[in-house]
Amino acid sequence: MLAAPAWAQDAQSEADEGRALFDEKCVVCHTNGGGDHIGPDLAGVLDRRPREWVARFILEPDRVIAGGDSVALELLKKYNGIEMPNAGLSAEDVEEIIDYLAGTPGAAAQAPPPRAREAQPPPEMLLAQASILYTFLAISVIIVAVFTFVALSTRGPAASVDIARAYQLRRVLFVIALILVASLLVATMPQSPYARAGTTADRVVYVAARQYEFVFSEEPIVTAEDIARSRRIASLELAPGELVEFRVTSLDVTHGFGIYGPERQLLAQTQAMPGYVNRLIVRPERTGPYLALCMEYCAGGHHLMSVPFTVESATPVASHRPTSSLTAN
């Protein structure tokens with residue numbers, strides 16, 4: 001069998017790298033042949049726009065828009081004013097993405113299709129969730145019954161009231177309520193998923209939120225330019241019982257950061273805030289698929305802010321690293 005020419009191998013390699021960059025940087029807002037999303041479908045973009053314009057817009061979209069480019073302003077208006085962020089790409093990265101979009105000969109046919117996310121069965125309601133629901137319904141019925149009784153008993157003329165006895169009964173009811181509240185706190189607070197102050201995490205995961213994605217990294221991310229330089233975590237895998245500290249910040253607006261377990265129950269949450277780092281320390285005990293979801297509406301692509309990660313027994317627990325003693329702020 002004859003080996004493929006060097007130029008063909010180089011073209012294939014560039015297309016593969018461009019596809020990887022597209023999946024990493026662009027797929028949140030764009031598709032390549034899948035129709036319009038938050039932004040336009042980029043299939044055939046080189047038939048609609050000059051290559052130089054496409055390269056300049058991908059490299060520095062903020063400057064192109066600020067410069068008053070008519071095409072860029074038209075696209076901004078068409079797609080609900082959602083401005084394309086600067087992804088921190090180099091000129092070489094941009095060329096590789098364009099080569100992928102251009103359909104370099106052989107690239108589209110030979111590139112492996114993206115792996116579909118494994119479908120998960122509908123989650124069942126946990127016993128704790130069901131208990132909370134039934135308790136809420138029972139308390140609601142009691143409250144409705146009390147108000148109904150009071151409403152019915154006050155229809156007639158007012159009867160004489162023993163004030164001293166009424167105040168004595170009120171004190172008894174207050175003590176009973178206080179005991180119930182204290183008992184609930186004693187029973188539930190030890191089960192809180194948040195770690196105690198002074199706890200050292202087994203692993204630190206840096207989280208940068210932006211419209212419309214969460215970026216997991218091994219290194220701090222302060223600006224959008226840091227994303228291109230940081231060691232991103234493409235697929236986060238944790239071990240059951242591993243104590244993980246998520247250091248969460250935002251690069252644009254305020255987002256919510258919630259961690260949901262295998263049954264899609266909320267385990268822990270904090271805010272992703274611009275210019276501030278919240279530290280969320282959690283210990284996932286159950287194995288299975290987890291989700292990090294945005295819990296605060298942040299514009300049209302809010303529903304896209306979903307990052308899956310897994311907790312598997314085969315994942316080794318990382319060595320201890322010095323971390324802050326703060327829990328979620």
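Set the Förster radius R0 to 45 Å, insert the Cβ-Cβ distance between A177 and A299 as r into 1/(1 + (r/R0)^6), and round the FRET efficiency to 0.05.
0.55
What distance in nm separates the two pseudo spin-label positions at T188 and Y276, each 7 Å out from Cα along the beta-carbon direction?
Label-label distance for T188 and Y276, simple model: 2.5 nm.
Once label points are set 7 Å from the Cα along Cα→Cβ at both L76 and S90, what is their separation, rounded to one decimal in nm?
Rounded to a tenth, the inter-label distance reads 2.9 nm.
For region 203-311, go through all pairs of different Cα atoms, get the mean of 1/r, take its inverse, and jot down that Kirkwood value in Å.
Here the Kirkwood hydrodynamic radius works out to 13.7 Å.
Can you work out the Karplus-derived ³J(HN,Hα) for every residue in region 55-61? Use 6.51 cos²θ - 1.76 cosθ + 1.60 with θ = phi - 60°, whole Hz, and x for glycine or proline.
Ordered by residue, 3J(HN,Hα) equals 4, 5, 6, 5, 6, 9, x Hz.
Kindly state, to the nearest 0.05, the FRET efficiency for S140 paired with T199, given R0 = 41 Å and r defined as their beta-carbon distance.
It comes out at approximately 0.60.
Report the label-to-label distance for V150 and I233 in nanometres (one decimal), using points 7 Å from each Cα along the Cα→Cβ vector.
Result: 5.0 nm between the two label points.
Rule-based calculations on the coordinates, nothing more; no lab input. All of these numbers come straight from a predicted model, not from anything done at the bench. Cβ: placed from backbone, ideal geometry, glycine included. Neighbour counts: every protein chain shown.
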